[in-house]
Every structure is written in C-alpha cells, then in structure tokens.
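Sharing a structure below in structure tokens format, with a few things to ask.
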Amino acid sequence: MPSPSPLDTISKPQKETRTGPKPTLLVVDDEEGPRQSVKIIFKDEYNVLLASDGPQAVEHAKNNQIDVAILDILMPGMSGVEVLRKIKELNPTIEVIMLTAYETIETARQALRYGACDYLNKPFDIPTMRAAVARAREKHQVAMNLQSTNQTLHALQREIEDQKLKEEMSRTKGEIYASVLHDINGPLTVISGFIEMINRAIENAASVDGEKLETIKGDLNKLTNQVGRCFEISRRYLSFLREGAVEPTRVSVNQILSDLKELLVRHPSTRGHQLAIHEMAEDVVAEINGTDLLQILLNLTINALQSSDKAHRVEIRAQRLVYPLDLNQFKDSSEERFINREGFLNRAPILAISVQDNGPGIPPEILGKMFETQFTTKAADKGTGLGLSIVKRLVREANGAIHLHTKHGAGSTFTICVQTRP
C-alpha cells in the first residue's frame, strides 16, 4: 500500500492523534455560567483557559499557544469583535468561534471580516458546540501545517540563496583573477616592446653613448613606470579581493591623456593606424582612480585600433560639461547603448571623454553583447572578452556612465562620463 503524500496533511485535514500536551481552548465571556459550561464540555480534551473580558483574553493570547477561541460578541468594554481582531493580529492561526444571544447582520459581517470561522447563537446545544470546535481545531491544524511548510520552504530558499551567493562570490573572484591578468597584460606588452627595441639598439654596438644613450635611458624610464603600474594594478585588485574599501581619488585628466599617449605610441596595435590624443585646453580633475581611468581608456583605445586590420583613425577627446545630461535623449537601439543609467551620478560638472574611430562600426546583433563578460569577436588566441566588461565595472565603481554610438560601416564612439571637481 503506498505511503501517504506529505501534501495530504495540507489538502486533507487528519483527525488528531496527539500524544503530547493537550490543545488549548480559550473561552471569553463576561458571564460566569457560559464560561464554566464550555469548560465542563471540553476539559478532558483541551487545556481550557477562561477570560471574563477582552484585555484578559488578549493577555492569554500573548502568553499561550492557543488553538481555538470561543468569544462572546457583546461584552462590556472591549467587544468580542475587537478581541477577535487583536488575537488574530497576535496569531492568525488561532481559529475563533463567535457567540451571541443578540445576532445582527452587521455583527456577523464584522466577525467574518476579521476572520471568525464560525458563528453560534446562545443558548447553544452541546453537539453543535462540539462540531464547531472540532471544525475550528481542524482548520487550525491545517493552518499550522501550512505555516510549518511555508517556514521550511523559506529556510530552503534562504539556503539556496546562500549557496548562490557563495557561488557568485567564487565566480566574481575568478573574474577578478582573469581581470588582473588582462590588466597587467597591457603594460607587459609595452615592456616587452621596449626591451626588444633596447636589445636591437645595443646588440651590435661596441659602446652606447650620445643620442642613442639618451634614447635608451628614456626607454628604461618608461619601463620603470610600466613596472610601477603593474604593481599598482596588483595592489588594487588584491585590495578588492580582501574586501578593502577603495578610497575615492582624483586625477589630472591631461596627465592621464599624456600617459595614454606614451603607452600607445609604440604599442603593436597602433602600427599602420592613425592615433590622435587631444589634451584639454584647460585641465580638469576627474573624480576617479587614476589607474582605473587609464585602464578604461587603454581598453577602449586598443579595441578601437583593433577594430579593423585596414588603416583607420582613432581620436581621443575630453570636454567638461557644465550641465547634467538629459538622459531621456539616450535610447537603446540598434546603433546606441547607454550603460549604468541607474547608477550614474548625473551631477554637473561632468567630464566626458570620447574614444572615436572611423572603422567598420558594430553590427546590431553584436551591439547588445558588447559589455558581457568573455564576449569577444576575436579569435581564441587574440582576445579574452574581458576588456569591455572591465571598462563597465570600473565606470560603475566611479558612479559614471558609458554611451556607445555606432553606425555599421562608419565607425564607433565610446563616451565615458564621470564627475569632475566644481
């Protein structure tokens, strides 16, 4: 014979086979006779609590686990309907039977509105009262079973959410490790290029002096700066992994643009293309970590340079906006995306730095995936798909925004917006 389903206790109330404490019945009536009559009827089956008024009944409900309550509607002071409302607020699973010698349609409606399960007239007969209490007791048990099931489901849901959180933290850390490698790969590429050039300069020279020596000194200085940048990137990510708070920093925009120019002037991606980096006529200070801003611009510029093997032009410009952006004019479409609309601190003055190319543009079917982690259109050995996802994360951390406008066959413009000092 198959075992009963666990849902049977919910869908089909079962007769109780309690071996523990008796269920509790609360009887509330301002007359002694009805209180004692009900107690005599149920004293063998229930732990019967008696109350002569509303406040005493509410105290019983606060201090005891009550299964069923029998309430007289008409009592001096607090009415039975008011007691019903208060004990239902304390414990909605308590089932309540209302008693009255003066039934009216309005009192019946009130009782049912506040959750009474039955309504009996005085004087009552014993079989009718027993049947009403039995029904109320079954309804209470069903409610308790549902509550227990709901609590179990919530506990299971919390456990699943905790597990999801642990998995998300593990995945995030994995992405951070990959980001570290991606970020450090940029300066390491430059370092490698400089080392190769220095080796070529000195490999056949008996001695190095004059202009050649000055060139090598300059290159070695650039190498030192790149190594320092690698250390700064590593410290930043290690701080993030340790859940250390990153202090807000400020940086000269023209200094970043100058550094960007130095990093890319001999970068392999620049060969065969035109790169123009325009410094601001009047420098401004951006409210963003300097390494983050440099990394954002590096990723965007290298992507623009690599957008086509055919010779094309990439330009970087910055401007200071004295008014907040009208976000209503930016609509996601087949040629446009606005990233971090919700988290953008749209407060003037704003720095807008654009990276524009006249390359092939971005097809509509790719545009919506551009900022997804590990999405790339490059060959497996050419790209990781981390560049733009890193840009998005760093811009979000700075409460900034990214606007992307592209036209297939006519190039793309990525514009980064962050706060500047007033």
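Hey, among the residues in the range 270-309 that are over 16 Å from Ile416 (Cβ atoms) and either outside the structural domain of Val391 (by TED's automatic domain parsing) or in a helix (DSSP H, G or I) (or both), which one's nearest to the chain's Cα centre (by Cα)?
Leu305
Could you give me the residue pairs with C-beta distances under 8 Å whose first residue belongs to the range 325-336 and is closer than 21 Å to Met370 by Cα, whose second residue is among the acidic types (Asp, Glu) and at pLDDT 90 or above wherever it lies, and which are 6+ apart or on separate chains?
Hits for this filter: Phe330/Glu336.
Scan the range 310-358 residue by residue and report those that are of a type in the set (S, T, N, Q) and part of a strand (DSSP E or B). Please lay out each step first, then the result.
Narrowing the range 310-358 to residues of a type in the set (S, T, N, Q): 319, 328-329, 333-334, 340, 346, 354, 356, 358.
Within the range 310-358, Gln319, Ser333, Ser354, Gln356 qualify.
Scan the range 152-163 and give yes if some residue there is in a helix (DSSP H, G or I), in contact with a Ser or Thr (Cβ under 7 Å, 6 or more places away or on another chain), at pLDDT 70 or above and over 30 Å from Leu305 (Cβ atoms), otherwise no. Please lay out each step first, then the result.
Going residue by residue through the range 152-163, those that are in a helix (DSSP H, G or I) are 152-163.
Restricting the remaining residues to those that are in contact with a Ser or Thr (Cβ under 7 Å, 6 or more places away or on another chain) gives none.
Within the range 152-163, not a single residue is in a helix (DSSP H, G or I), in contact with a Ser or Thr (Cβ under 7 Å, 6 or more places away or on another chain), at pLDDT 70 or above and over 30 Å from Leu305 (Cβ atoms).
Please work out which residue is surrounded by the most Cβ atoms within 10 Å (Cβ to Cβ), limiting yourself to the range 124-152 and to residues that are over 19 Å from Lys43 (Cα atoms) and without any contact (Cβ under 8 Å) to a residue 12 or more places away in the chain.
This residue is Ser148.
The values are calculated or read from the model by the stated rules, or taken from the named source; none is laboratory data. These numbers come from a predicted model, not from an experiment. Glycine also receives a Cβ, built like all others from the backbone with ideal geometry; neighbour counts cover every protein chain displayed.
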